[in-house]
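Undergrad: If you scroll down you'll find the structure; I have some questions about it.
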Amino acid sequence: EVQLVESGGGLVQAGGSLRLSCAASGFTFDDYAIGWFRQAPGKEREGVSCISSSDGSTYYADSVKGRFTISSDNAKNTVYLQMNSLKPEDTAVYYCAAAILCSSWYVGAEYDYWGQGTQVTVSS
């Protein structure tokens, strides 16, 4: 059974930090890239970041560059999203997903597997 399980969401004040985790099982983790998406109420799903399994290359949406950092611990089959300097506009449900490559990393249809999401709320 393929599973991606997000954790680490919660309520924080603007300027604060959270670290999200994506724990993967049921597929060959080292063969996949892992991306993060988010969706706020009334808005379309937005690609946030991706990390490549081949060379560790990372990709970020312009809205989070310099604030968010994606990383991978292959021994734990887990990808992290460190979120610093959080803003109210970062409020959304955050999802992790698995794809073969990070090419077109911001396109949801490129991803084979999805988690259930974790809520991030940033208050002002």
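The values are calculated or read from the model by the stated rules, or taken from the named source; none is laboratory data. Remember, predicted model here, so these are calculated numbers, not experimental data. Heads up, the Cβs are rebuilt from the backbone with ideal geometry, glycines too, and the neighbour counts pull from every protein chain shown. Areas reflect the complete protein model, heavy atoms only, side chains present, ligands, DNA and RNA absent. Shrake-Rupley method; radii C 1.70, N 1.55, O 1.52, S 1.80 Å.
Undergrad: Given a 1.4 angstrom probe, what's the average accessible area per residue across the stretch 22-124, in square angstrom?
TA: On the way: 5060 Å² over 103 residues.
I get 49 Å² per residue for the stretch 22-124.
Undergrad: Still on this structure: Quick one: Karplus J couplings for the stretch 55-65, per residue in order, coefficients 6.51, -1.76, 1.60, θ = phi - 60°, nearest Hz, x for Gly and Pro?
TA: 9, x, 4, 10, 9, 9, 5, 4, 5, 10, 4
Undergrad: Starting from the stretch 34-124, pick out the GluC sites (Glu not before Pro) whose DSSP state is loop and whose Cβ has at most 12 other Cβ atoms within 10 Å. Can you show the working numbers first?
TA: Numbers: sites: Glu44, Glu46, Glu89, Glu110; in loops: Glu44.
Here the sparse-neighbourhood loop sites are Glu44.
Undergrad: Out of Thr69, Thr58, Thr28, any idea which swings most in a Gaussian network model of the chain, alpha carbons joined below 10 Å?
TA: Thr28
Undergrad: Another question about this same structure. Excluding residues fewer than 8 places away in the same chain, name every one of the lysines whose C-alpha is closer than 19 Å to that of Lys87.
TA: Lys43, Lys65
Undergrad: Roughly speaking, to the nearest percent, how much of the chain's 1.4 Å accessible area is carbon and sulfur? It would help to have the intermediate numbers written out before the result.
TA: Details: 2790 of 6300 Å².
The computed percentage sits at 44.
Undergrad: What dipole magnitude, in Debye to the nearest 20, does the chain give about its Cα centre under +1 on Lys/Arg Cβ and -1 on Asp/Glu Cβ? It would help to have the intermediate numbers written out before the result.
TA: Values: 8 positive and 13 negative charges, 97 e Å.
For the chain, the charge dipole is close to 460 debye.
Undergrad: Would you kindly work out the equivalent ellipsoid of the chain from its C-alpha gyration tensor and give its semi-axes, the square roots of five times the eigenvalues, largest first in whole Å? Working shown, then result.
TA: Working: eigenvalues 101, 39, 38 Å².
Semi-axis lengths for the chain are 22, 14, 14 Å.
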